[in-house]
Amino acid sequence: MAEISSEKNVVKSSFNETQVDQDVYVLTYQNETATNQVVERFIDSSFIQFHFCLKGNSDFIFNNGSYVLNIAEETSLLLYNPQRDLPIHLKVKPDCWLVSVLISIKKFHGLFSQEADYITFLSSDNKDKKYYKDGKISPSMAIALNQIVNYNLNSSIKTLYFKGKAYELLSLYFNRGEDADIDQCPFLVDETNVAKIKKAKDIIIARMSEPPTLQELSEEINLPLKKLKEGFKQIYGDSVFSFLLDYKMEVARKLLETGNNNVNEVGLKVGYSTSSHFIAAFKKKYGITPKKYVQSI
């Protein structure tokens, strides 16, 4: 089982694991706190690990701290060692997002058996050797990763959705070139536009109590309104304000859990001038009123 602990007595960062296929797992880590969070999970030597850092940076710790490997923002790390287990011992830094794909070597060979000469560590010379590789996250990979982190579809299709995204990530990771097109939204190949979409997301989160209009947002990030709408939907899987609503409800839920604010205060903090509107939005999202949610904790 995966374990998560904090270096200090603070709210734990979110940690989610989804088994999407036999011997295939998708893990997501989000540390939204101001302190380091420690994540641990046992992984035996039969698994290949793909780690992607979307935001911030973290340290992989090996041999009881004698060796530390940093994974920086917008980089990936591949780990494989058939000679020994490589359990995850990860220090997740503040404001860091990570996505990991774990897949057994047997399953992996099945996916790429015709490509063993191309994928270097699957060749006969290397298949039993340890392998460490870091690289940059491409714009196309960043889209798939953001869609995993910001998943907000029906929970009943989560496993299917994550399975598709996990295999999409592997195919993009081993893609021969980085000039592949993104079918649904070709302009996102431009890294500048991807950065602008990310900035738009950061702006609405920072000003969630009084967010700008879509037109104001498009002007602030210097991106046409149509491209803002299309790009945001492509990366985050939802419209700008549907994404913001989900974010506000999640913030509200966490604030209620702390017990430091009453329902009215929480509503004001996430941008509702009247408690009735906040209560209605919260109930629509979670199927329960804020007061009953607090009582249930």
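For this structure, a couple of remarks:
- Shape category assigned to region 52-104 from the gyration tensor of Cα positions, a/c cut at 1.5: oblate
- You can think of it this way: the chain between I205 and A280 has 24.9 nm of extra reach, that is 0.36 nm per residue less the Cα-Cα gap.
- In order along region 200-217, the Karplus-derived 3J(HN,Hα) couplings, from 6.51 cos²θ - 1.76 cosθ + 1.60 at θ = phi - 60°, round to 4, 4, 5, 5, 5, 6, 5, 10, 4, 6, 9, x, x, 6, 4, 5, 4, 5 Hz, and Gly and Pro are given as x.
- Shape parameters for region 246-296, alpha-carbon atoms, Rg then Dmax in Å: 9.3, 25
- Whole-number D in µm² s⁻¹ for region 186-237, Kirkwood Cα-pair radius fed into Stokes-Einstein, 37 °C, 0.692 mPa s: 301
Each reported figure results from applying straightforward, stated rules to the coordinates on display, with no laboratory input. Bear in mind that the values here come from a model prediction, so they are computed numbers and not experimental data.
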